[in-house]
Every structure is written in C-alpha cells, then in structure tokens.
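The values are calculated or read from the model by the stated rules, or taken from the named source; none is laboratory data. Quick caveat: nothing in here was measured; it's all calculated off a predicted structure. Cβ atoms come from the backbone with ideal geometry, glycine included; neighbour counts cover every protein chain shown. The area values use the complete protein model at the heavy-atom level, side chains included, leaving out ligands, DNA and RNA. Shrake-Rupley method; radii C 1.70, N 1.55, O 1.52, S 1.80 Å.
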Amino acid sequence: MSGGSETGSGTGTGTGEAAAAGADPERTVRIVVVYCEPCGFAAAYEELASAVRDEFPDVAVEHRLGPTGAFEIEINGQLVFSKLENGGFPYEKDLLDAIRRARAGEPLQPITNSRPPCAIL
C-alpha cells in the first residue's frame, strides 16, 4: 500500500515524462538578424521583427549591422536564412514556422524560399 504512495509521490520519472510530453513544451528562442543598413534593409528588419513579436511576444529579436547586401537570420545561433545565398527576403510564414519548430525543440532547416527584394527606381 505504501508502495503505491511512493510510486505516486516519486514523480521523478513522471515529471521528466511530463516535461518531455508537454509541461515544458516551448524552448527559449533568440533571433538575430544581421542586415545592411546602407542598403535600406532596416525597414525589412522592422517588418519581420514586428511580425515575430506579434506572433511570439516572448521571443527575443535583435539586430546587428552587417556587410553590403546582407540580410541573415539566425535562430538560437543557427543560420536559417541568408539573402546573400538566396537573393531575396524570407517570407514571414517561413520564419514563423521555423520559430515554431525551434520552440518545440525540433531541428531547424534552412529557409530557402525568398521573395525578391523591392527595387525603388
């Protein structure tokens, strides 16, 4: 009888399983965007950062100035998007999906879809 109580109160494995199963389902996510300010990419950063903050208010989004033509996105230190490689800007949906995966602890895949950069003539 006391064995049942010990099993019920000895929730070490149960707690671990609960954490893995959903008690701690979301991990901390940190996003760093490195962009070229002289290229006029600050607006693209602000638009993307706003979309992320609207969807995930607890996600840290920061920026750093980068080299000419750069618009690179890292999630938790992993490069997931590079304008230098893809030639455009990421779709918000793709970035939000990557954040969802990061929060769930799933492996991150590179974002390869990109929309063309706007050209002002």
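Tell me, which helices (runs of 4 or more DSSP H) lie completely within the stretch 27-121 with 1 or more residues that are of a type in the set (A, V, I, L, M) and buried (at least 18 other Cβ atoms within 10 Å of the Cβ)?
Of the helices (runs of 4 or more DSSP H) lying wholly inside the stretch 27-121, those with at least 1 residues that are of a type in the set (A, V, I, L, M) and buried (at least 18 other Cβ atoms within 10 Å of the Cβ) span 42-55, 92-103.
I'm told Thr7 meets every condition in (1) of a type outside the set (Phe, Trp, Tyr); (2) modelled with pLDDT under 95; (3) over 21 Å from Ala98 (Cα atoms); (4) assigned to a loop (DSSP other than H, G, I, E, B) except one. Can you identify the failing condition by its number?
Going through the list (1) of a type outside the set (Phe, Trp, Tyr); (2) modelled with pLDDT under 95; (3) over 21 Å from Ala98 (Cα atoms); (4) assigned to a loop (DSSP other than H, G, I, E, B), Thr7 breaks only (4).
Show the residue pairs that are 6+ apart or on different chains and have beta-carbon atoms under 7 Å apart, the first residue being within the stretch 35-56 and more than 12 Å from Thr68 (Cβ to Cβ), the second being open to solvent by 10 Å² or more (accessible area, probe 1.4 Å) and of a type in the set (D, E, K, R).
Leu48/Glu92; Ala51/Glu92
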